[in-house]
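Novice: Mind looking over this structure? Questions follow.
We did not get these values from a lab; they are worked out from the coordinates using the rules stated. Note that the structure is predicted; figures quoted are calculated from it, not measured. Note: ideal-geometry Cβ built from the backbone for every residue, glycine included; neighbour counts use all protein chains shown.
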Amino acid sequence: MPGDLRDPEQSQPFYYDQKYEHTQRPFSENSDINVFLKAIASDLGLYLDGRQLNLVKEQLEKKNCLYKNFGDESFRQDVIKIIKNFDMAGKVARKCQI
């Protein structure tokens, strides 16, 4: 016996394509820039505290990158570059204190 014909899952079987990885929708209401920046930093093996997070957002604001789509690869590369610059600056500052 067939199911409800108005149900699209009954008429079309579910297929998961591996080339499209599951990500957060970039234009959803609950997409949060802080969570996204911390996730990128954790992918790099770093941690951003509140002060560093605000500094990263200020740098993105100066470069007019906060208006880009979160899912855009150029936005991600800009964020990675800024986070790495802050990490390098911290390493230099720690070396100078010794």
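Novice: Step through the residues of segment 53-64 one at a time and calculate ³J(HN,Hα) from phi using the Karplus curve (6.51 cos²θ - 1.76 cosθ + 1.60, θ = phi - 60°), rounding each to whole Hz and writing x for Gly and Pro.
Specialist: Here the 3J(HN,Hα) series is 4, 5, 5, 5, 5, 5, 5, 5, 5, 4, 8, 6 Hz.
Novice: Cut-off under 21 Å on the C-alpha distance; same-chain residues fewer than 8 positions from residue 84 excluded. Which lysines are left, in chain and number order?
Specialist: 38, 57, 62, 63, 68, 95
Novice: Return P(r) of segment 53-98 (all Cα-Cα pairs; 10 Å bins starting at 0; whole %; ordered from short to long distances).
Specialist: 27, 45, 20, 8, 0
Novice: Taking the number of other C-beta atoms within 10 Å as the exposure measure, put 73, 58 in order starting with the fewest.
Specialist: Lowest to highest Cβ neighbour count: 73, 58.
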